[in-house]
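Participant: This is the structure I want to talk about, given as structure tokens.
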Amino acid sequence: MVFAANEPHENVQTKQTSGPWPQGDTNMSITVYSKPRCPQCDATYRALDKQGVSYERIDVTQDPESLAFIKGLGYQQAPVVVAGEDHWSGFRPDRIKAVAAAGAPLALQA
């Protein structure tokens, strides 16, 4: 399986379908496709949390349709972040900051 639990995360891929993001795009949904025990996934969650961005987590080891979706986008490693019509693979703090600056929906504070 491509997304093995201890798989190294080398050769980070980036694919951009559009961008930069429109300013104030509060309808942009953010989804992080990840797997267990994934350091880059954890770093991505922390960075999104730090920016206060709302996102959905999907564990591709438990969701075959989601795994097929990200493979269909051409990705072979986790995490894969889909932000609106843009997507990338790996821990990308620059992209996370850009999404936050574009006005992605903010997480509700408890």
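Participant: Where residues in segment 52-94 are modelled with pLDDT of 95 or more and among the charged types (D, E, K, R), which of them is farthest from Lys35 (Cα to Cα)?
Facilitator: Asp94
Participant: Of everything in segment 35-62 that's assigned to a strand (DSSP E or B) and in contact with a Ser or Thr (Cβ under 8 Å, 6 or more places away or on another chain), which residue is surrounded by the fewest Cβ atoms within 10 Å (Cβ to Cβ)? Lay out the reasoning, then the answer.
Facilitator: Taking segment 35-62 and keeping what is assigned to a strand (DSSP E or B), we get 53, 56-59.
Pick out the ones that are also in contact with a Ser or Thr (Cβ under 8 Å, 6 or more places away or on another chain) and you get 56-59.
Numbers: Glu56: 10, Arg57: 13, Ile58: 20, Asp59: 17.
Across segment 35-62, the extreme among qualifying residues is Glu56.
Participant: So, one more: Of all residues in segment 67-89, how many are more than 18 Å from Thr44 (Cα to Cα), free of Cβ contacts under 8 Å to residues at least 60 places away in the same chain and not in a loop (DSSP other than H, G, I, E, B)?
Facilitator: Summing the residues that are more than 18 Å from Thr44 (Cα to Cα), free of Cβ contacts under 8 Å to residues at least 60 places away in the same chain and not in a loop (DSSP other than H, G, I, E, B) in segment 67-89 gives 3.
The values are calculated or read from the model by the stated rules, or taken from the named source; none is laboratory data. Quantities reported herein were computed from a predicted structural model and do not represent experimental measurements. With ideal geometry, Cβ positions are generated from the backbone for all residues, glycine too; neighbour counts draw on all protein chains shown.
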